[in-house]
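J.: Dropping a structure here in structure tokens format, bear with me for questions.
All of the numbers you see were taken from the coordinates with simple rules; none came from a lab. Keep in mind that what you see is a predicted model, and the values were worked out from it rather than measured. Backbone-built Cβ (ideal geometry, glycine too); neighbour counts: all protein chains shown.
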């Protein structure tokens, strides 16, 4: 080996050391930037998770309130339903009683031949004047009779 070869090898070795150091420095700088960027992402993700947890807690509280309200409304609806069922039962009983009274009244009225004839004429569609003439009844009685007949036909 010559004398000149030793400094060239030393210069080449020094050049390789400097080049390798520069590459490592650049790589470490880029790695540091990536780590910094990842830390920022981790922090923003952490903030996002915290915000989502806070929103979840608020939604859970609202859900609990709505569940409580729903239970109260269900109880009230049940009570109202029971009350309405009782009222319907009472109204049905009253309707039956009124129907019985009407039937009794019609039977009592039906015993009179004029009223029977008037009911038959009403069933055939006769008007007030015709019924008054045929049955010899006053106008007020014929009007009442027609009103009762019409109510009876509507309820059937």
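J.: Mind checking the full-extension length gain between residue 27 and residue 86? Use 0.36 nm per residue of separation minus the Cα-Cα distance, one decimal, nm.
T.: Numbers: separation 59, 0.36 × 59 = 21.24 nm, distance 8.58 nm.
Computed gain between residue 27 and residue 86 is 12.7 nm.
J.: Could you work out how far apart the two model spin labels at residue 6 and residue 52 are, taking each label as a point 7 Å from the Cα in the direction of the beta carbon, and quote it in nm?
T.: Placing both labels 7 Å beyond Cα along the Cβ direction yields 6.7 nm.
J.: To continue, here is another question. Between residue 35 and residue 103, what is 0.36 nm times their sequence separation minus the Cα-Cα distance? Round to one decimal in nm.
T.: Details: separation 68, 0.36 × 68 = 24.48 nm, distance 9.70 nm.
Answer, rounded to one decimal: 14.8 nm.
J.: Grab the Cα-Cα distance for residue 147 and residue 63, subtract it from 0.36 nm times how many residues apart they are, and report the gain in nm with one decimal.
T.: Numbers: separation 84, 0.36 × 84 = 30.24 nm, distance 5.83 nm.
Contour length minus Cα-Cα distance gives 24.4 nm.
J.: How much mean residue ellipticity at 222 nm does the chain get from its helices, if each DSSP H run of length 4 or more adds -39500 (n - 2.57) and you divide by all residues, to the nearest 500 deg cm²/dmol? It would help to have the intermediate numbers written out before the result.
T.: On the way: 4 runs with 143 residues, N = 156.
About -33500 deg cm²/dmol.
J.: While we're on this one: With axes computed from alpha carbons, what is the tilt in degrees of helix 113-124 against the longest principal axis of the chain, rounded to the nearest 10 within 0 to 90?
T.: It works out to around 40 degrees.
J.: Let me ask something additional. With a ≥ b ≥ c the root eigenvalues of the C-alpha gyration tensor of region 1-93, is it rounded (a/c under 1.5), prolate (a/b larger than b/c) or oblate?
T.: In terms of gyration-tensor shape, prolate.
J.: For percent of Cα pairs over 23 Å apart, the listed values are (i) 49; (ii) 74; (iii) 57; which was obtained by calculation from the structure presented?
T.: Label of the calculated value: (ii).
J.: Shifting gears a bit: Mind checking which of 12, 145, 121 has the largest fluctuation in a GNM of the chain, springs on alpha carbons under 10 Å?
T.: Its mean-square fluctuation being the largest, the pick is 12.
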